[in-house]
1. Go through (1) at pLDDT 95 or above; (2) within 7 Å of another protein chain (Cβ to nearest Cβ) one by one and return the number of the condition residue B:143 breaks.
2. Six or more apart or on different chains, Cβ atoms under 8 Å: show the pairs whose first residue is in the stretch A:57-83 and more than 11 Å from residue B:27 (Cβ to Cβ) and whose second is basic (Lys, Arg) and in a helix (DSSP H, G or I).
3. Please state which of the following conditions residue A:100 fails to meet, knowing it meets all the rest: (1) assigned to a helix (DSSP H, G or I); (2) buried (at least 21 other Cβ atoms within 10 Å of the Cβ); (3) assigned by TED's automatic domain parsing to the domain that holds residue A:123.
4. So which of A:54, A:68 ends up being farther than 24 Å from residue B:96 by Cβ, over 17 Å from the mean Cα position of the chain (by Cα) and not assigned by TED's automatic domain parsing to the domain that holds residue A:124?
5. Consider only pairs whose beta carbons are under 6 Å apart and that are at least six residues apart or on different chains; among these, list those whose first residue lies in the stretch B:124-144 and is within 23 Å of residue B:109 (Cα to Cα) and whose second residue is at pLDDT 95 or above and in a loop (DSSP other than H, G, I, E, B).
6. Tally time: how many residues in the stretch B:7-26 are of a type in the set (A, V, I, L, M) and within 13 Å of residue A:20 (Cβ to Cβ)?
7. Tell me the residue from B:97, B:130 that is more than 7 Å from chain A (Cβ to nearest Cβ) and part of a helix (DSSP H, G or I), please.
8. If the requirement is being out of contact with any His (no Cβ under 6 Å at 6 or more places or on another chain), at pLDDT below 95 and on the phi < 0 side of the Ramachandran plot, which of these qualifies: B:127, B:48, B:131?
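The values are calculated or read from the model by the stated rules, or taken from the named source; none is laboratory data. Everything numeric in this text was worked out from a predicted model, so none of it was measured. Cβ placement follows ideal geometry from the backbone for every residue including glycine, while neighbour counts extend to all protein chains displayed.
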Amino acid sequence: MTIAIAFVLGLAFALGLGMSGMTDPGRVTGFLDVTGRWDPTLAFVMGSAVAVSFVSFGWILARPAPLFDRRFVLPKHQRITTSLVGGAALFGIGWGLSGYCPGPALVSLVTGAPAVIVFVAAMAVGVQLGSWVPGTPFPVERTIDPAVSEETRAQ
Amino acid sequence: MPLDTITKAIVGGALIGAAASGLLLCNGRIAGISNIFAGVLPRWDRDTPWRLAFLGGLLAGGIVVLWAHPAAFGAGAPRSLPRLALAGFLVGVGTRISNGCTSGHGVCGLARRSRRSLAATMTFMATGVITVYVVRHVLGLPLP
């Protein structure tokens, strides 16, 4: 059930990105180009996405559990660390250089454009190297759910 | 900017927010693309199947967009492969060590009222703006 839901929601997410113009890297660099011909589209997209989820997350997280799992899996990190700010800074540089962040890049793989394939392959390499940097948090569920880490160790 | 562009931006953004809400409500998970992608790379665990399904959904959605409106992927802007490789690498490393990207920090994190996500979002927006300024206006290089 959760797998079918994830597929449908991934599809909806991609349609949202495509419809809103975010799969066009020119729109993204246009948004970041505040001293040139500024394109505010991304602000409307993000504003709308945050507005919807800001309201719904408050309501959803007031529930004791999600519909199809025992509990919510959320990041527990609280502190603003060098990893957080430094990593976000590097991400922003790559984002500005290309106009791609991970979602639109993955969706754009279907075009088969060499540019996108090179970007995603390099991103996979970066993710692997980033995992070895001291202080890098694991993707959330491994750090906060002892049951899952035990399952993983048992394998 | 045209009203049509604004309308599509708001409706598309709402769809992104609704998809993120649906994943939290049904599966109890955050729709952060960089961590979903990172999570399928190292090894198989309990979360790998739904992550692969979500990524498969992104590709399926991409095929629908390609069929319905191929121009959504941008016109043939000049694209230097070495620069895209460098950009992809920085996006991979940066999102991994900061634990999120535009969706995880910029949408879901802000929706969760996370201070860390606010700090991350302000940081990547700032370095993105600086990078575009330097590349396009100082170095005079073409951008998409």
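1. Every listed condition holds for residue B:143 apart from (1).
2. A:75/B:116; A:77/B:116; A:78/B:115; A:78/B:116; A:79/B:116; A:80/B:115; A:80/B:116
3. If we test residue A:100 against (1) assigned to a helix (DSSP H, G or I); (2) buried (at least 21 other Cβ atoms within 10 Å of the Cβ); (3) assigned by TED's automatic domain parsing to the domain that holds residue A:123, just (1) comes out false.
4. A:68
5. Going by the 6 Å Cβ cut-off, the qualifying pairs are B:129/A:34.
6. Final tally of qualifying residues: 8.
7. Only one candidate passes the filter, namely B:130.
8. Being out of contact with any His (no Cβ under 6 Å at 6 or more places or on another chain), at pLDDT below 95 and on the phi < 0 side of the Ramachandran plot holds for just one of B:127, B:48, B:131, which is B:48.
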